[in-house]
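FYI, it's all coordinate maths here, none of it is from the lab. Computed from a predicted model, the values in this text were never measured in an experiment. Here the Cβ positions follow ideal geometry from the backbone for every residue, glycine too, while neighbour counts run over all protein chains shown.
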């Protein structure tokens, strides 16, 4: 049994990772920011919680000294902020990304027993407008402050790696979806509106997006944590497949049984600026023997099932009675 520490353990991907770690018998510690919504992990037994902000260097160093984790998963991150004229969104993002990351690296390096490895989650958004499919050696061209913040953190790790007593790998994730995801994100937003019979607009139907089911993303993170190979500091966790959002919307309609007239589409050929958001997958296959195994159609079946059950319970149940994560055996998938 290993001691594992997860930052951002109350978040969408972090909560799924926490469940997977508990299922395999690891001793699990979660760092949770005070005031965070913990509905995703309220039912987890055997978790040791540490409630403090990562920007608190004193508490962070004490935690790392006490826990001495063998593996750290650094998932703590806030989503994109609304852009403001005074650039405060960028200033806040850079402070949280870089100060929190540097503090964690320092605390881990100074622990009585430093970790064996640290896995940090980044995003394919770091590549931005670079040609797809994005390769790990591609020069990044972020199109917003969020992507630039992540790139800065990734390269900071690369610059500090020689000074650290443990390897740090940045897993650049495709767009992860599944149970427990906030409806602030496109897929759960569209699913819940279709289930409720409410109209929706897909603004850029011809844009292509690499969508990865959360179970696949978690499996990849665990593979990375077990690696003993030198694979560099960056690896894509993606499917390599990027359907048009028009086709994704049609799959959602099919699974929810909603009236197709509920969804309107933006003009053909229009784009958000990123027409093809897709990651190359060769490095993950070669070095950690991993590839995504849940097809989009099956991932949507599981995800819609969870949101349908949540909608059924909504208004009549407490948070302690949220639906469980989707079943994994509907079509014989793992």
For the modelled label position 7 Å from the Cα of residue 36 along Cα-to-Cβ, which residues of region 204-242 have backbone nitrogen atoms closer than 17 Å?
-> 218
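Take each of the peptides 172-185, 4-17, 190-203, average the number of other beta-carbon atoms within 10 Å over its residues, and list them starting from the highest. Write out the running numbers ahead of the final one.
Working: 172-185: 19.9, 4-17: 25.2, 190-203: 17.1.
The densest-packed peptide leads the list: 4-17, 172-185, 190-203.
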Taking the Cα centre of each part, how many Å lie between region 199-239 and region 151-189?
-> 10 Å
Counting only DSSP beta bridges with both residues in the chain, what percent are antiparallel, rounded to the nearest 5?
-> 5 percent
List, largest first, the extents of the alpha carbons of region 3-321 along their principal axes, each in whole Å.
-> 61, 47, 45
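Which ordering of 155, 42 is given by a fewest-first count of other beta-carbon atoms within 10 Å? Numbers along the way, then the final one.
Working: 155 15, 42 12.
So the ranking, lowest neighbour count to highest, is 42, 155.
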Rounded tilt (10° steps) of 100-110 against the dominant C-alpha axis of the chain | 40 degrees
Take the alpha carbon atoms of region 1-22, find their center, do the same for region 54-79, and report the distance between the two centers in whole angstrom.
-> 13 Å
Could you tell me how many degrees, from 0 to 90 and to the nearest 10, lie between the Cα long axis of helix 214-226 and the main elongation axis, the longest principal axis, of the Cα atoms of the chain?
-> 20 degrees
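Exposure proxy check: 228, 302, 3 ranked by fewest other beta carbons within 10 Å? It would help to have the intermediate numbers written out before the result.
Working: 228 7, 302 23, 3 17.
So the ranking, lowest neighbour count to highest, is 228, 3, 302.
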Relative to the longest principal axis of the C-alpha atoms of the chain, give the angle of the C-alpha long axis of helix 57-67, reported between 0 and 90° and rounded to the nearest 10°.
-> 80 degrees
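Could the peptides 205-214, 73-82 be put in order, highest first, of the mean number of other beta-carbon atoms found within 10 Å of their residues? Write out the running numbers ahead of the final one.
Details: 205-214: 22.7, 73-82: 18.6.
Most protected by this proxy first, the peptides run 205-214, 73-82.
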How do the peptides 248-254, 289-295, 86-92 rank, highest first, by the average count of neighbouring beta carbon atoms within 10 Å per residue?
-> 248-254, 289-295, 86-92
